[in-house]
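Quick note: the coordinates plus some simple rules give every number you see, no bench work behind them. The model shown is predicted, which means the values in this text are computed figures rather than measured ones. Ideal geometry is used to build each Cβ from the backbone, glycine not excepted, and the neighbour counts take in all protein chains shown.
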Amino acid sequence: MALAAVLWFGETMSAVPLRNNKAGVGEARTVTVLGATGSIGDSTMDLLRGARDRYRVEALTANSNVDALARLAREFGARFAAVADPARLGELKQALAGTSTECGAGESAVIEAAARPADWVMAAVSGAAGLKPALAAVDRGAAVALANKECLVCAGDFFMQRAAKAGACILPADSEHNALFQALSSGNREELVRVIITASGGPFRSWAAADIEQATLAQALKHPNWSMGQKITIDSASMMNKGLEVIEASYLFALAPDEINVLVHPQSIIHGMVEFSDRSVVAQLGAPDMRIPIAHCLGWPDRIVGPSARLDLAKIGQLTFEEPDFERFPGLQLAYDALRTGRGATTVFNAANEVAVAAFIAGQIRFGAIARLVEATINDWIRTGNLALLTSADDAIAVDHGARKRATSLLPQIALKAS
Ligand code: NDP
């Protein structure tokens, strides 16, 4: 069995107590949303909009979308608004003129937003850029709803150790991990046999390998069930996203790779299941709507009234399941391999995938080349003796930067190679 995780206490699955969740009855809880202008940010703000009396917004952040950030900051009376692009400070100040919202710009301002006192922080910046801000929230022992899976994929062991040390409470916001979080409390660590995370299979679930190879950006962006940001939608089409989630589950719940299974479930109604030793399988179900897991994180340890549609299983009629196809979706196998390799390999996996997805969006490589670039980068990284234990955020960021450079240098030869 793997080591006990931050979320396992003694024998029972439970989250670290909310040290900063001091709001008493009738008192508003303070919240910060990192990545407020994105898809997860939008769902979070929607939930906050529906419960104005219970939450007060401390800080909101964006990368460059000043208009949307300023609109939200005005609407919620945020105390602080930060834009990561340092050139946008003047624009942000102008957009918030006449309000009491303080403004900041640059990476340090996003980190400052996370470090300001808020009981609850949504970590929903996309990509590895989310790591330092999330750590700033973790370090002050906040309750951190973690949507940014890259924090765990890039710096998993280290991130969870920091959370444990600071007494931070990590609430899994990704739908599959939130499902596992809810189901795991039905038993203890010794009784756990395996966890199962489901995958819709994406838009290419039933496509032939040759067609997947040639898929266009428009086709990759047509997710059958979920409405999400561009990067994660492409990752869902390649099943790289499921690979990232396997890695995320391993670090979040201290599970060995063999204890994590993926099951294709095209309806996206069951999000995660846990099998226990008595052969009971406990599942969490819900409509494919990110506001459901986010509402669970927002209300935790209680439950709030969510705005999402109620589940009508009779109307859905059928829930179906398939084994994942590791041949047509090689990214999933690469994720398991990187997890088993460890010593920074998952960081390289993530960085190379980010480079590959950006190259695919820019029309530089075919869809099928995304996995080939990731594989070539990891192999090259291992061959040149770069695997090493990551013991700090700077270690993880150095590997991330190095792997991006390596992937970028391999890009031309991958682009030229046909499948
Ligand atoms: P989006 O691309 O929709 O939004 C990303 C947010 O992060 C935006 O607010 C963006 O600002 C901001 N941002 C981007 N780059 C930077 C940067 N360098 N520094 C600071 N802020 C930045 O992404 P999603 O909401 O889809 O995803 C966010 C995270 O949640 C990802 O890690 C994803 O894997 C994860 N996730 C998403 C799910 C979903 O349903 N969307 C489901 C489960 C997990 P701006 O608007 O200015 O660009």
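For the range 360-419, take the alpha-carbon Rg, divide it by the Kirkwood Rh, and send me Rg/Rh.
Values: Rg = 12.8 Å, Rh = 12.4 Å.
Computed over Cα atoms, the ratio is 1.03.
May I ask you to list the lysines whose Cα is less than 21 Å away from that of Lys242, ignoring any residue fewer than eight positions away on the same chain?
Lys149, Lys222, Lys231
Expressed in nm to one decimal, what extension gain is obtained for the pair Arg310 and Ile361 from 0.36 nm per residue of sequence separation less their Cα-Cα distance? List each step's numbers first, then the result.
Numbers: separation 51, 0.36 × 51 = 18.36 nm, distance 3.56 nm.
Taking 0.36 nm per residue and subtracting the Cα distance, the gain is 14.8 nm.
Can you list the residues of the range 185-210 with backbone N under 13 Å from a point 7 Å past the Cα of Leu285, pointing along Cα to Cβ?
Counting backbone N atoms under 13 Å from the label point, the list is empty.
Could you check the spin-label model distance between Ala164 and Asn188? Points 7 Å from the Cα along Cα→Cβ, value in nm.
So the two model labels end up 1.8 nm from each other.
About the Cα centre, and with charges only on the beta carbon of Lys, Arg (+1) and Asp, Glu (-1), how big is the dipole of the chain? Nearest 20 debye, please. Don't jump to the answer; show the numbers that get you there.
Numbers: 39 positive and 44 negative charges, 159 e Å.
Taking the Cα centre of the chain as origin, the dipole is about 760 debye.
What's the longest uninterrupted piece of the chain once you rule out the GluC sites (Glu not before Pro) that are loop residues per DSSP with at most 15 other Cβ within 10 Å?
Working: sites that count: Glu11, Glu27, Glu327.
The longest such stretch corresponds to 28-326.
Can you pull the semi-axes for the chain, root of five times each eigenvalue of the Cα gyration tensor, sorted largest first, whole Å? The partial results should precede the final answer.
On the way: eigenvalues 191, 141, 95 Å².
The answer is 31, 27, 22 Å, longest axis first.
Report the rotationally averaged projected area of the range 177-222 based on its alpha-carbon convex hull, in square nanometres. Before the final figure, lay out the partial values.
On the way: hull surface 19.4 nm².
For the range 177-222, averaging the hull's shadow over all directions gives 4.9 nm².
What is the distance in Å between the Cα centres of the range 87-106 and the range 277-335?
After rounding, the separation between the Cα centres reads 39 Å.
Per DSSP H run of n ≥ 4, the term is -39500 (n - 2.57); total these for the chain, divide by its residue number, and report the mean residue ellipticity at 222 nm rounded to 500 deg cm²/dmol. Write down the numbers at each step before the final one.
Details: 17 runs with 187 residues, N = 419.
That comes out to -13500 deg cm²/dmol.
Rounded to whole Å, give me the distance from the Cα center of the range 337-369 to that of the range 180-198.
For the range 337-369 versus the range 180-198, the Cα centre distance is 29 Å.
Using r as the Cβ-Cβ distance of Arg52 and Asp337, and R0 as 51 Å, what FRET efficiency do you calculate, to the nearest 0.05? Please report the intermediate quantities before stating the final value.
Details: r = 47 Å, r/R0 = 0.93.
So the FRET efficiency works out to roughly 0.60.
What do you get when you divide the Cα radius of gyration of the range 250-333 by 2.2 N^0.38 Å, with N the number of residues? Don't jump to the answer; show the numbers that get you there.
Details: Rg = 15.3 Å, N = 84, 2.2 N^0.38 = 11.8 Å.
In units of the 2.2 N^0.38 Å rule of thumb, it is 1.29.
Checking understanding here: applying a Kyte-Doolittle mean of at least -1.0 and a length along the axis of at least 18 Å (C-alpha), which whole DSSP H helices in the chain pass?
Details: long enough: 150-166 (20 Å, 0.49); 240-253 (20 Å, 0.42); 345-361 (24 Å, 1.27); 369-383 (21 Å, 0.39); 393-416 (35 Å, 0.07).
Membrane-span-like by this criterion, though nothing is claimed about a membrane: 150-166, 240-253, 345-361, 369-383, 393-416.
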